[in-house]
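To keep things clear, I will list the structure first and then write my remarks on it.
The values are calculated or read from the model by the stated rules, or taken from the named source; none is laboratory data. Given the structure is predicted, the values throughout are model-derived calculations rather than measurements. Please note: Cβ atoms are built from the backbone with ideal geometry, for glycine as well, and neighbour counts cover all protein chains shown. Just the protein is used for accessible areas: all its heavy atoms, side chains included, with ligands, DNA and RNA removed. Shrake-Rupley method; radii C 1.70, N 1.55, O 1.52, S 1.80 Å.
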Amino acid sequence: MAAEIHPRPQTRKPVLLSKIEGFQDVVNTAVIIPKEDGVISVSQDRTIRVWLKRDSGQYWPSVYHTMPVACSCMSFNPETRRISLGLENGTVSVCLLNIIHTHTSHQGGVTVVLFVLEMEWVLSTGQDKSFTWHCSESGQQLGTYQTTAWVSGLQFDVETRHAFVGDHSGQVTILKLEQDNCSLVTTFKGHTGNVTALCWDPVQRVLFSGSSDHSIIMWDIGGRKGTAFELQGHNDKVQGLCYASHTRQLISCGSDGGIVIWSMDVTRQETPEWLDSDSCQKCEQPFFWNFKQMWDSKKIGLRQHHCRKCGQAVCGKCSSKRSTIPLMGFEFEVRVCDSCHDSITDEERAPTATFHDSKHSIIHMQYEPTRGWLLTSGTDKIIKVTCAFVCICACARGLWEQMCKYCPV
Ligand SMILES: [Zn+2]
Ligand SMILES: [Zn+2]
């Protein structure tokens, strides 16, 4: 096999390439068709549209289909050009732009749909808190599993047939699927809000979960040590996650329009457990609930805080400074104790993520790796296609989207 050269594109400010407008309601899911200047959209306005780029640079709908009810989710497979549509009436339709078959999967709307080519399965979850999988050829139901809460994130590992199901209780359930039954493997609990997005990287065997608690957790499943890393870089609900495997970057977006591009090429550290103490672990002053020591020492108790770096319970006076700790996922300044503050070097403070503003409140995001394009759809009923990479390979010809002609990708 010929050696493959992977140029390392640098992240830059995403440049807006195109805007797609004209929807009556929000676009719930949209995907860029790889290698073509096309976008498929499904909207709350009940339409499924295929947009093709004209010479003028504008996208025009070449296919326009109105469904009986709103389309809540979609999964597109570029190889078979198959679209799996989840509708608000609980049905899943598999189409090749013409509908192949429709099956009722759920009572209530479909929340996530996922097509798995290798298994010929369509996985879906619904407002009825059920997870089902159907044969994508016949539409026959193969199996079902009742989840604890409404599901908004679903990923599947083809090699081991594990499904990752993220729900509104904040938990991620891992199921091992067989042809017609499944078994519960384990659950991950780490978020204090709903799980809003999941992203599985089958190469590193890492699962990313995003939540309404503004945080992202990276679950290192391949490492087999039960490690989980936090990524704190959003000021609002995390709405979407994509992993760019060729550049080893995680792309996350939030409902405040923020897009964060995280370098996953760095060795990250777990955040420490918060320690419990009745007095400050630095100056030994009692905390306010420690009446005995307060009485004995005739001192007024203090409020307890925690250093994000060492996890020690400290008073406000001993943790007066703030710092970013990017390798622990804290891209924003957090409370640290004075000794940790002094020990953090400028090198350790160097950010591992870049921050961008999409200028609309994001509902859905998709990353198209062959050109490095990012698609976002917002509450403003607009789809934006941006490019966030600069090619710095040997030829140095410029933009990522112009690179493919000259460089191996
Ligand atoms: Zn103290
Ligand atoms: Zn500390």
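Out of all the residues in region 186-201, which are under 9 Å from Gln171 (Cβ atoms), open to solvent by less than 30 Å² (accessible area, probe 1.4 Å) and either in a strand (DSSP E or B) or out of contact with any strand residue (DSSP E or B) (no Cβ under 8 Å at 6 or more places or on another chain) (or both)?
If the condition is that a residue be under 9 Å from Gln171 (Cβ atoms), open to solvent by less than 30 Å² (accessible area, probe 1.4 Å) and either in a strand (DSSP E or B) or out of contact with any strand residue (DSSP E or B) (no Cβ under 8 Å at 6 or more places or on another chain) (or both), then Val195 is the only one that fits.
Just wondering, is there one or more residues in region 267-283 that are under 29 Å from Thr160 (Cβ atoms), modelled with pLDDT of 90 or more and part of a strand (DSSP E or B)?
We begin by selecting, within region 267-283, every residue under 29 Å from Thr160 (Cβ atoms); these are 267-271.
If we keep only those that are modelled with pLDDT of 90 or more too, we end up with 267-271.
From what is left, the residues that are part of a strand (DSSP E or B) are none.
There is no residue in region 267-283 that is under 29 Å from Thr160 (Cβ atoms), modelled with pLDDT of 90 or more and part of a strand (DSSP E or B).
Give me the strands (runs of 3 or more DSSP E) completely within region 89-147, filtered to those with at least 2 residues that are open to solvent by 70 Å² or more (accessible area, probe 1.4 Å), ordered by residue number.
Correct list: 98-104, 141-146.
Restricting attention to region 233-246, which residues are surrounded by fewer than 23 Cβ atoms within 10 Å (Cβ to Cβ) and in a loop (DSSP other than H, G, I, E, B)?
Correct list: Asn235, Asp236, Lys237, Ser245, His246.
Specify the residue that is surrounded by the most Cβ atoms within 10 Å (Cβ to Cβ); the eligible residues are those in region 38-61 that are out of contact with any Ser or Thr (no Cβ under 9 Å at 6 or more places or on another chain) and in a loop (DSSP other than H, G, I, E, B).
Filtering region 38-61 down to residues out of contact with any Ser or Thr (no Cβ under 9 Å at 6 or more places or on another chain) leaves 54-56, 60.
From what's left, in a loop (DSSP other than H, G, I, E, B): 54-56.
On the way: Arg54: 11, Asp55: 5, Ser56: 7.
Among those residues, the one meeting the criterion is Arg54.
Look at Glu230 and say whether it is under 25 Å from Thr173 (Cβ atoms) and under 14 Å from the mean Cα position of the chain (by Cα).
For Glu230, the condition - under 25 Å from Thr173 (Cβ atoms) and under 14 Å from the mean Cα position of the chain (by Cα) - is met.
Residue by residue through region 12-25, note down the ones that are open to solvent by less than 30 Å² (accessible area, probe 1.4 Å) and within 21 Å of the chain's Cα centre (by Cα).
Pro14
May I ask you to list pairs of residues, at least six apart or on different chains, whose Cβ atoms are under 8 Å apart, with the first in region 334-363 being acidic (Asp, Glu) and the second being within 16 Å of ligand 1 (Cβ to nearest atom) and open to solvent by less than 60 Å² (accessible area, probe 1.4 Å)?
Asp338/Cys318; Asp338/Ser319
Is it the case that Asp55 is closer than 19 Å to Leu374 by Cβ and of a type in the set (D, E, K, R)?
The answer is no for Asp55.
Let's see how each residue does on (1) surrounded by 15 or more Cβ atoms within 10 Å (Cβ to Cβ); (2) modelled with pLDDT under 90; (3) over 30 Å from Leu17 (Cβ atoms):
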position	(1), (2), (3)
Met294	yes, yes, yes
Cys307	yes, no, yes
Val314	yes, no, yes
Thr345	no, no, yes
Arg349	no, no, yes
Ile363	yes, no, no
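Considering only residues of region 316-343 that are outside any strand (DSSP E or B) and away from ligand 1 (no atom under 16 Å from the Cβ), which is most open to solvent (accessible area, probe 1.4 Å)?
Ser343
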